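Colleague: The structure's right below; bear with me while I get my questions together.
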Amino acid sequence: MMQLFMPLNFLGFVYREIRGALANIERMFSLLDRVPMIEDKPSATSPSLTQGSLRFEHISFSYDGRKILDDVSFELPAGKKVAIVGDSGAGKSTIVKLLFRFYEAQSGHIYIDGEDITQLSQHALRQAIAIVPQDTVLFNDSLLENIRYGSPNATDEQVQGAIRMAHLAGFIAQLSDGWHTKVGERGLKLSGGEKQRVAIARAILKGSPLLVFDEATSSLDSHSEQAILTALKEMEKGHSSLVIAHRLSTVVDADQIIVLSQGKIVERGDHHSLLKAKGLYHKLWTVQHQY
Ligand code: ATP
């Protein structure tokens with residue numbers, strides 16, 4: 001019996017290793033998928049972008065001939081917070097994809113600190129923006145290294161500071177191996193809210209002037225939501241912030257809220273003026289707060 005068990009046990013080990021490796025390859029492809037398709041122009045420049053102000057000017061964009069964004073213009077002044085809201089499919093994430101140059105708009109221009117992003121090197125663009133994506137990729141490594149990912153020169157003290165600001169310190173203190181705990185495919189599984197806070201810590205560490213928070217669609221319990229809101233407030237201090245929001249609790253304090261419907265801006269203003277206007281924002285707010 002033992003003779004049979006040993007090879008089976010070994011085969012089980014091999015299977016788990018291969019499955020783990022495949023999961024990593026899948027992750028790698030999902031990362032590669034996010035690498036912008038558009039190459040640097042020979043004349044591309046790398047000015048230092050320190051304010052993170054953003055301007056969309058008459059941006060129109062179609063996928064396969066279907067218009068997704070129609071003449072979208074808005075401005076995010078340095079140090080302020082602009083939020084984009086709207087129904088599912090309104091075009092919110094497309095705004096982020098264009099900002100990262102995953103695609104090029106058919107008309108219009110996007111400027112960071114007054115520089116047209118099509119004239120910038122990919123390196124300069126990536127340095128200027130830190131993103132908290134909807135779905136955070138975690139590697140089979142310690143929490144510490146997962147947070148340090150993207151800022152390899154950050155000291156342990158800097159990582160600790162980012163952990164505190166992202167409100168992860170309490171969570172990490174409960175783990176027996178603390179920040180050395182392995183996470184990812186073969187380690188501890190983090191909840192959606194914890195993963196987003198890891199991404200917030202990464203973004204804080206990166207120190208870019210323009211922050212993009214692409215809120216996850218999955219619902220969170222009120223404790224996780226509160227932790228994210230607090231972390232987000234810390235992250236936004238001293239930065240220019242663009243928030244793509246699904247839960248309107250994230251946008252109440254925005255300097256300006258842009259309401260998108262079928263690729264067009266239909267309303268803009270702050271939370272109170274938009275509620276008063278009793279338009280689409282008021283409708284979205286009422287739907288989310290009726291329970
Ligand atoms: P959600 O709130 O559900 O995340 P959204 O407002 O972010 O939605 P987008 O993801 O920007 O919406 O999508 C806008 C429209 O573009 C949708 O109708 C979507 O089906 C379409 N779309 C998105 N990506 C592609 C693609 N790669 N090819 C073709 N159409 C796409």
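The values are calculated or read from the model by the stated rules, or taken from the named source; none is laboratory data. All of these numbers come straight from a predicted model, not from anything done at the bench. So basically every Cβ, Gly included, is an ideal-geometry build from the backbone, and we count neighbours across all protein chains shown.
Colleague: Sort out which residues of the stretch 111-130 are in contact (Cβ under 8 Å) with a residue 40 or more places away in the chain, buried (at least 19 other Cβ atoms within 10 Å of the Cβ) and under 19 Å from the mean Cα position of the chain (by Cα), and write them in order of number.
Modeller: ILE112, ALA124, ALA128, ILE129, ALA130
Colleague: Could you grab me the full set of residues in the stretch 76-131 that are of a type in the set (S, T, N, Q), part of a helix (DSSP H, G or I) and within 13 Å of the ligand (Cβ to nearest atom)?
Modeller: Those that are of a type in the set (S, T, N, Q), part of a helix (DSSP H, G or I) and within 13 Å of the ligand (Cβ to nearest atom): SER93, THR94.
Colleague: Look at ALA227 and say whether it is away from the ligand (no atom under 16 Å from the Cβ) and at pLDDT below 85.
Modeller: yes
Colleague: Only residues in the stretch 45-67 that are farther than 23 Å from GLU236 by Cα count as the first member; pair them with residues that are part of a loop (DSSP other than H, G, I, E, B) and within 12 Å of the ligand (Cβ to nearest atom), Cβ under 7 angstrom, at least 6 apart or cross-chain, and list the lot.
Modeller: PHE61/TYR103; LYS67/GLY263
Colleague: Moving on. Looking at (1) modelled with pLDDT of 90 or more; (2) out of contact with any Ser or Thr (no Cβ under 7 Å at 6 or more places or on another chain), can you tell me which one TYR149 breaks?
Modeller: (1)
Colleague: Collect the residues in the stretch 155-207 that are within 14 Å of SER142 (Cβ to Cβ) and part of a loop (DSSP other than H, G, I, E, B), keeping them in residue-number order.
Modeller: Those that are within 14 Å of SER142 (Cβ to Cβ) and part of a loop (DSSP other than H, G, I, E, B): LEU168, LEU175, SER176, ASP177, THR181, GLY184, GLU185, ARG186, GLY187, LEU190.
Colleague: Would you be able to say whether some residue in the stretch 135-150 is more than 16 Å from the ligand (Cβ to nearest atom), at negative phi and of a type in the set (Gly, Ala, Ser)?
Modeller: Within the stretch 135-150, one or more residues are more than 16 Å from the ligand (Cβ to nearest atom), at negative phi and of a type in the set (Gly, Ala, Ser).
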